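One structure is given below, encoded as structure tokens.
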């Protein structure tokens with residue numbers, strides 16, 4: 001599964017990004033992004049009841065883009081930290097992997113597809129189509145959306161399910177709307 005990092009500051013804030021301690025940081029999520037990060041912990045690991053959509057699963061492995069500068073905030077990592085904390089507390093998650101940078105999408109996919117369980121990747125939206133292009137799809141799969149990931153969409157999960165019926169292997173692509181915050185769209189990316 002692949003998600004875009006949560007909401008970030010506009011080109012000219014406000015709203016401003018804040019780090020986990022509440023200190024202003026232009027490279028961190030905005031408060032709405034932190035709300036989404038918390039909601040994603042429940043979306044992917046419900047405290048009570050089933051997952052909201054049968055195409056989703058609780059990840060055993062979580063990847064997020066490594067920050068280019070350790071002094072900066074890291075929105076992809078911040079987006080999954082509440083989920084990481086929840087799954088580690090429940091001893092359901094192996095160590096998260098924040099070792100891949102933008103531009104290393106092929107190596108990231110090679111690592112992710114070698115995992116023996118469900119994977120969640122949090123990545124900057126501008127590189128998600130390139131990342132997805134390295135995931136082999138079966139002939140049964142719908143095609144990936146054309147073009148760029150829209151800059152105003154933070155609310156979609158791209159799901160890649162391994163096709164156990166294909167002799168050549170590969171994945172079947174689908175989209176699941178998160179629908180965790182007011183204003184989230186039920187419409188898939190096109």
Can you name every one of the helices (runs of 4 or more DSSP H) wholly within segment 61-175 that holds 3 or more residues which are at pLDDT 95 or above and more than 13 Å from the chain's Cα centre (by Cα)?
75-89, 105-113
Which one is surrounded by the fewest Cβ atoms within 10 Å (Cβ to Cβ) among residues in segment 109-127 that are closer than 19 Å to residue 6 by Cβ and touching a strand residue (DSSP E or B) at 6+ places or on another chain (Cβ under 6 Å)?
125
When you check residue 55 against the structure, is it over 23 Å from residue 182 (Cα atoms) and at pLDDT 95 or above, yes or no?
no
Conditions (1) surrounded by 14 or more Cβ atoms within 10 Å (Cβ to Cβ); (2) over 20 Å from residue 69 (Cα atoms); (3) over 13 Å from the mean Cα position of the chain (by Cα): number failed by residue 8:
(2)
Select from segment 11-35 the residues that are buried (at least 18 other Cβ atoms within 10 Å of the Cβ), part of a loop (DSSP other than H, G, I, E, B) and in contact (Cβ under 8 Å) with a residue 24 or more places away in the chain and list them in ascending order.
17, 25, 28, 29
How many residues are farther than 16 Å from residue 55 by Cα and in contact (Cβ under 8 Å) with a residue 24 or more places away in the chain if we restrict to segment 166-179?
4
Restricted to segment 53-62 and to residues being touching a residue at least 60 places away in the same chain (Cβ under 8 Å) and surrounded by 16 or more Cβ atoms within 10 Å (Cβ to Cβ), the residue farthest from residue 162 (Cα to Cα) is 62
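The values are calculated or read from the model by the stated rules, or taken from the named source; none is laboratory data. Values in this document were obtained by computation on a predicted structure and should not be read as measured data. Virtual Cβ from ideal backbone geometry, glycine too; neighbours counted across all protein chains shown.
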